[in-house]
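Engineer: Mind looking over this structure? Questions follow.
The values are calculated or read from the model by the stated rules, or taken from the named source; none is laboratory data. The structure presented is a predicted model; accordingly, all values stated were derived computationally and were not measured. All Cβ positions, glycine included, derive from the backbone under ideal geometry; neighbour counts span all protein chains shown. Heads up: the accessible areas ignore ligands, DNA and RNA and are worked out on the full protein's heavy atoms, side chains in. Shrake-Rupley method; radii C 1.70, N 1.55, O 1.52, S 1.80 Å.
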Amino acid sequence: MRKTFCLGLLPFLLAVPTVAQVDAGTIAGTVRDSQGAGVSSATITFLETGTGTTTKAQADATGEYASPPLRPGQYKVSAEAQGFKTETRPAITLRVQDRLRLDFQMAV
């Protein structure tokens, strides 16, 4: 009985754990002013143009930002901050598992 039980468990013990493919990508970068300083007050908006879905991220104290996981598709990405002109990138293509870098330089 014990031998049968152990043989029954063998396939489960030998199974190789698999990692599921992530079906999303991310966009990250830096928001800087014309002097090269990080713009910590910047809000970055990710608009998926196909669905109209909007996601936002906030730059940190050094101006760095990162999106949450985003579905693959076409995006319009904007950075805005009080006292600066809004900077927009209209056609960003994001694919599965992409980690795109998108930096902004804000003008006063």
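Engineer: Out of curiosity, is Pro68 surrounded by fewer than 15 Cβ atoms within 10 Å (Cβ to Cβ) and of a type outside the set (D, E, K, R)?
Structural biologist: yes
Okay, residues lined up against (1) under 17 Å from the mean Cα position of the chain (by Cα); (2) over 20 Å from Val39 (Cα atoms):
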position: Thr55; (1), (2): yes, no
position: Ala61; (1), (2): no, no
position: Pro68; (1), (2): yes, no
position: Glu80; (1), (2): no, no
position: Lys85; (1), (2): no, no
position: Ile92; (1), (2): yes, yes
position: Asp98; (1), (2): yes, yes
position: Ala107; (1), (2): no, no
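Engineer: Next question. Of all the residues that make up the stretch 71-108, how many are outside any loop (DSSP other than H, G, I, E, B), open to solvent by less than 40 Å² (accessible area, probe 1.4 Å) and closer than 20 Å to Ala24 by Cα?
Structural biologist: Number satisfying all stated conditions: 6.
Engineer: Now for a different question. Might you let me know whether the stretch 36-44 holds any residue that is more than 17 Å from Phe84 (Cα to Cα) and in contact (Cβ under 8 Å) with a residue 12 or more places away in the chain?
Structural biologist: Checking the stretch 36-44: not a single residue is more than 17 Å from Phe84 (Cα to Cα) and in contact (Cβ under 8 Å) with a residue 12 or more places away in the chain.
Engineer: Report whether or not Thr55 is in a strand (DSSP E or B), in contact (Cβ under 8 Å) with a residue 12 or more places away in the chain and surrounded by 14 or more Cβ atoms within 10 Å (Cβ to Cβ).
Structural biologist: Yes: the conditions hold for Thr55.
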